[in-house]
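The values are calculated or read from the model by the stated rules, or taken from the named source; none is laboratory data. Since the structure is predicted, the reported quantities are computational estimates derived from the model, not experimental observations. As a convention, Cβ positions derive from the backbone with ideal geometry for all residues, glycine included, and neighbour counts pool all protein chains shown. What goes into the accessible areas is simple: the full protein's heavy atoms, side chains included, and nothing from ligands, DNA or RNA. Shrake-Rupley method; radii C 1.70, N 1.55, O 1.52, S 1.80 Å.
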Amino acid sequence: MQKLNIGLFGFGIVGEGIYKVLEEKPQLNANIKKIVIKDAQKKRNAPSELFFTDPNSILEDPEINVVVELISDADVAYHIIKKAFQNGKHVVSANKKVIAEHHVELLELQEKNKVSFLYEASVCGSVPIIRNLEEYFDNDLLNYVSGIVNGTTNYILTKMAQENSSYQEALKSAQVNGFAEADPTADVEGFDAAHKLSIVTLHAFGTTIDSLQVIRKGITALQEKDFVYAKEKGFAIKLIANTKIIKETNELQATVLPTFVRLDQTIALVNNEYNGVLIGSSLSDEQFLYGKGAGRYPTSSALLSDISALQYDYKYEVRKKLDQPLIYNQNGYRKIYIGSKFSLEFITNKLEHIEERFDGAGYHYIIGKISFDELKKEDFIHHPQLSIIVFE
Ligand code: HSE
């Protein structure tokens, strides 16, 4: 078992978590030698001699063989990861934005530099989704991976639906609990989920997708009336990330959208900061992974698993990787609910088929079928006064 000398970048919620966890696990043969932080003045719960502000104090230290990267600035993180590889260090990261944006390049660099790049903590916190896709489903023909991959939004939606909390109260509580990103826009507008979906798609189907091309809508436009509608009709509203192969055309659909989920469905039982992912396979039909998706210790659990995997030289092989990426989000339809305080007359022409319509005082909704071409138009999907919720 090789001795792991770790250089840690970032000492926020998760950084401090993994520091404490490793302190309590001397049997792992892994110790944190140095920690690089941005703000030298801030009081930290660790000996001061561990802290440095110059990244090179870790990157140029020949005794450090593992970099654990947990910082929020994606551009800085990208350069740190690349330099760590060049200097022969393994990297464990929880940085979904960097990975989604440079996934293939970083995997190629780990090969070139003969090191490992592990990032289970970047998707669904403690839920071992990447390791399962890599090791268990590596030969299985998968049809879809779908579910709740962001703890903050699930926490907010749960509090709004079950405790009548306001959006602001629920967001504040998610921040206090350490679930939200430094800038929670990434969570509530669905960017974080889109990054995770992009990472999962490469491991599930071997194809790359640009997270900016994921058909994405967050939860900020949802109104109280939408929750009343959901309750009356027996639905929960969940932010569902879905990556799915359309068999007939071998095309991929990749969406992050508020979704009505029937209350008797497994996903409807995933509440608060928990994440839950359904894996649809030709052989096993459907499997479900469930666990805490955000927070100090759940994320540290995934980091710990990656750090200990380094001791036996584990690395992702992405055996399914295709030479040519699949086409995605070109064709497709969804059944959709559009709700608003205002008349919806101006959008009726977007729907190909209208199934139901309601016009009341200060609340209107329309349910129908919409093509991906219409759904993904920026001025529609990101219209601040339209609640857009799709049906499963
Ligand atoms: N902000 C993220 C979430 C943290 O809420 O899911 C875990 O990736």
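Which pairs do you get when a residue that is on the phi < 0 side of the Ramachandran plot, found in the range 103-124, comes within reach of a residue that is in a loop (DSSP other than H, G, I, E, B) and within 16 Å of the ligand (Cβ to nearest atom), reach meaning Cβ atoms under 6 angstrom, with the pair 6+ apart or on two chains? The qualifying pairs are Ala121/Ala94; Ser122/Ala94. Check the range 247-259 and report whether any residue there is open to solvent by 10 Å² or more (accessible area, probe 1.4 Å), touching a strand residue (DSSP E or B) at 6+ places or on another chain (Cβ under 7 Å), under 23 Å from Ile99 (Cβ atoms) and in contact (Cβ under 8 Å) with a residue 12 or more places away in the chain. Within the range 247-259, one or more residues are open to solvent by 10 Å² or more (accessible area, probe 1.4 Å), touching a strand residue (DSSP E or B) at 6+ places or on another chain (Cβ under 7 Å), under 23 Å from Ile99 (Cβ atoms) and in contact (Cβ under 8 Å) with a residue 12 or more places away in the chain. Scanning the range 147-167 for residues that are open to solvent by less than 20 Å² (accessible area, probe 1.4 Å), under 30 Å from Tyr314 (Cβ atoms) and in a loop (DSSP other than H, G, I, E, B) turns up at least one hit.
Out of curiosity, is Gln168 away from the ligand (no atom under 16 Å from the Cβ) and either in contact (Cβ under 8 Å) with a residue 60 or more places away in the chain or not aliphatic (A, V, I, L, M) (or both)?
On the way: away from the ligand (no atom under 16 Å from the Cβ): yes; either in contact (Cβ under 8 Å) with a residue 60 or more places away in the chain or not aliphatic (A, V, I, L, M) (or both): yes.
Spelling it out, Gln168 is indeed away from the ligand (no atom under 16 Å from the Cβ) and either in contact (Cβ under 8 Å) with a residue 60 or more places away in the chain or not aliphatic (A, V, I, L, M) (or both).
If we scan the range 335-352, do we find a residue that is in the same structural domain as Ile209 (by TED's automatic domain parsing), small (Gly, Ala, Ser), open to solvent by less than 10 Å² (accessible area, probe 1.4 Å) and in contact (Cβ under 8 Å) with a residue 24 or more places away in the chain? Yes, the range 335-352 contains at least one residue that is in the same structural domain as Ile209 (by TED's automatic domain parsing), small (Gly, Ala, Ser), open to solvent by less than 10 Å² (accessible area, probe 1.4 Å) and in contact (Cβ under 8 Å) with a residue 24 or more places away in the chain. With respect to (1) open to solvent by less than 40 Å² (accessible area, probe 1.4 Å); (2) in a helix (DSSP H, G or I); (3) within 14 Å of the ligand (Cβ to nearest atom), the lone exception for Val277 is condition (2). Remark: pairs (first residue in the range 66-85, in contact (Cβ under 8 Å) with a residue 12 or more places away in the chain and farther than 18 Å from Lys33 by Cα; second residue among the aliphatic types (A, V, I, L, M) and open to solvent by 60 Å² or more (accessible area, probe 1.4 Å); Cβ separation under 6 Å; 6+ apart in sequence or on different chains) = Ser72/Ala182. Restrict the check to the range 92-104 and report whether at least one residue is farther than 12 Å from Val200 by Cα, away from the ligand (no atom under 16 Å from the Cβ) and in the same structural domain as Ile71 (by TED's automatic domain parsing). Taking every residue of the range 92-104 in turn, at least one turns out to be farther than 12 Å from Val200 by Cα, away from the ligand (no atom under 16 Å from the Cβ) and in the same structural domain as Ile71 (by TED's automatic domain parsing).
Of the helices (runs of 4 or more DSSP H) lying entirely inside the range 1-101, those containing at least 2 residues that are within 25 Å of Pro128 (Cα to Cα) and open to solvent by 50 Å² or more (accessible area, probe 1.4 Å) span 13-23.
Applying the criterion of being in contact with a strand residue (DSSP E or B) (Cβ under 8 Å, 6 or more places away or on another chain) and on the phi > 0 side of the Ramachandran plot to the residues of the range 187-241, the residue that is most open to solvent (accessible area, probe 1.4 Å) is Gly234.
Residues of the range 29-48 that are in contact (Cβ under 8 Å) with a residue 40 or more places away in the chain and under 28 Å from the mean Cα position of the chain (by Cα): Ala30 alone. Put simply, of Asn150, Asn154, Asn113 the only residue that is within 11 Å of the ligand (Cβ to nearest atom), farther than 16 Å from Ile199 by Cα and at pLDDT 95 or above is Asn154. Within the range 171-190, residues that are under 18 Å from Pro258 (Cβ atoms) and within 10 Å of the ligand (Cβ to nearest atom) have Cβ atoms under 6 Å from residues that are part of a loop (DSSP other than H, G, I, E, B) and open to solvent by 50 Å² or more (accessible area, probe 1.4 Å) in these pairs: Asp187/Glu181; Val188/Thr220, counting only partners at least 6 apart in sequence or on another chain. Filtering the range 191-219 to residues that are within 12 Å of the ligand (Cβ to nearest atom) and farther than 24 Å from Phe260 by Cα leaves only Ile199. A residue that is under 30 Å from Val68 (Cα atoms), out of contact with any His (no Cβ under 7 Å at 6 or more places or on another chain) and not in a loop (DSSP other than H, G, I, E, B) cannot be found anywhere in the range 363-378.
Would you check which residues across the range 287-333 are open to solvent by 20 Å² or more (accessible area, probe 1.4 Å), of a type in the set (D, E, K, R) and within 16 Å of the ligand (Cβ to nearest atom) and list them? Of everything in the range 287-333, those that are open to solvent by 20 Å² or more (accessible area, probe 1.4 Å), of a type in the set (D, E, K, R) and within 16 Å of the ligand (Cβ to nearest atom) turn out to be Lys292, Arg296. Under the condition of being among the acidic types (Asp, Glu) and under 30 Å from Lys247 (Cα atoms), the residues counted in the range 142-195 number 2.
Before we move on, is Leu283 in the same structural domain as Pro384 (by TED's automatic domain parsing) and modelled with pLDDT of 95 or more? When the stated conditions are applied, Leu283 does not pass them.
Tallying residues that are away from the ligand (no atom under 16 Å from the Cβ) and touching a helix residue (DSSP H, G or I) at 6+ places or on another chain (Cβ under 8 Å) within the range 262-274 yields 1. Of all residue pairs spaced 6 or more apart or on separate chains, those with beta-carbon atoms under 9 Å, a first member in the range 146-159 that is over 16 Å from Gln223 (Cα atoms) and a second member that is near the ligand (Cβ under 8 Å from one of its atoms) and assigned to a strand (DSSP E or B) are Gly147/Asn275; Ile148/Asn275; Val149/Asn275; Asn150/Asn275; Gly151/Asn275.
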